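Notes for the one structure printed next.
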Amino acid sequence: MWIIGSYQPTSLFSLRPANATTSGGKTLLTPTPFAIKMALLDCAIRVYGKESAMTWFPQIRDLQLAIVLPRHLSVINTFVKILRPHKNGAKDVQGTGLVSPMGSTIAYREMVHFGGPLSIAFNEIEVENGGLNLAALMTQISYLGKRGGFMQLTQIKTAEELEQEFTQLNHPLSTEFMLNGTMQVLDDCGTKMSFDHADVYNNKNIGLNKPNGRLLRHIVLPYRIQRSSRGYTLYERIDS
């Protein structure tokens, strides 16, 4: 049994790959399992409190996810002005007598415009008294990826089997994949990851490609480039 939420994007989406540097501006085409699970955990903490979220974390960590993106999506390339710490300490770069530790610079960024709603499917969990209510948490998700990638829930439904359009984001390794699709490296929660690893206020380090950290999965999305130019790249879903 699967529980499926349909989300309508209300702004541009952006999420850097897990192996990108802080100055990297590339974006993934889809929310990752790790990003979606952390969004659920954030909702659990805000709505039900930290103690309940700690109890539910193993269930959230082990969720199986699948997604359907809209038929068309476009990646917009742009340059933005950002603040960055000066390498050699505070400076008066404006000549005003005001010393600042930060200076402005130009950075490359990519953002995704979804041409319609996206559907996210979770394997349904049996709810016990006081247990994790997945549908309730799904209603509380307001953004995915970087802050500002706002989403509006429009529908929740259940299904015994997923439709063919769904792409599983954390399925077991398989030798079958779409040759003309687009590969994405997505991160997911490791099997031994604890709440302390996910807690940004805890000193426990979260590693990459480790059971107690984030695991990288190579997923081929059924999308191909339809056209591109200097300012954008348009992707179209491949119908099998």
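A few comments on the model shown:
- Taking the accessible area of the chain, probe 1.4 Å, and keeping the other protein chains in place, the carbon and sulfur fraction comes to 50%.
- 12 Å Cα-Cα reach of Lys37 towards aspartates and glutamates, excluding residues that sit fewer than 8 places from it in its own chain: Asp62, Asp187, Asp188
- Taking trypsin sites (Lys or Arg not before Pro) in DSSP loop conformation with at most 10 other Cβ atoms inside 10 Å as exposed sites, the chain has its longest uninterrupted site-free stretch at 1-86.
- The stretch between Asn133 and Lys146, if pulled fully straight at 0.36 nm per residue, gains 2.2 nm over its current Cα-Cα span.
- When the alpha carbon gyration tensor of the chain is reduced to an equivalent ellipsoid, the three semi-axes, largest first, read 32, 25, 17 Å.
- Annotation: per residue accessible area for the stretch 132-240 equals 65 Å², rounded to a whole number [probe 1.4 Å, protein chains only].
- Placed amide H near Gly103: partners under 5 Å, 5+ positions off or other chain: Arg84, His86
- Measuring between alpha carbons in the structure, the pairs from Lys81/Lys210; Lys87/Lys146; Lys26/Lys192; Lys26/Lys91; Lys87/Lys192 lying more than 32 angstrom apart are Lys81/Lys210; Lys87/Lys192.
- Comparing Ile219, Gly131, Ile67 along the charge dipole axis of the chain, the residue lying farthest to the positive side is Ile219, per the Cβ-charge model.
- Alpha-carbon Debye profile of the stretch 107-230, log10 I(q)/I(0) at 0.23 Å⁻¹: -1.55
- Accessible surface of Thr21, taken over heavy atoms with a 1.4 Å probe and every protein chain present, rounds to 90 Å².
- The distance separating the Cα centre of the stretch 153-173 from that of the stretch 104-119 comes to 24 Å.
- Applying 0.36 nm per residue to the separation of Val47 and Arg84 and subtracting their alpha-carbon distance, the gain on full extension is 9.9 nm.
- Under the combined filter of DSSP loop state and at most 10 neighbouring Cβ atoms within 10 Å, the stretch 136-201 retains these GluC sites (Glu not before Pro): Glu160, Glu161, Glu176.
The values are calculated or read from the model by the stated rules, or taken from the named source; none is laboratory data. Note that the structure is a prediction, hence the values are computed from the model and not measured. Note that each Cβ is placed from the backbone with ideal geometry, even for glycine, and that neighbours are counted across all protein chains shown. Accessible surface areas use protein heavy atoms only, side chains included; no ligands, DNA or RNA. Shrake-Rupley method; radii C 1.70, N 1.55, O 1.52, S 1.80 Å.
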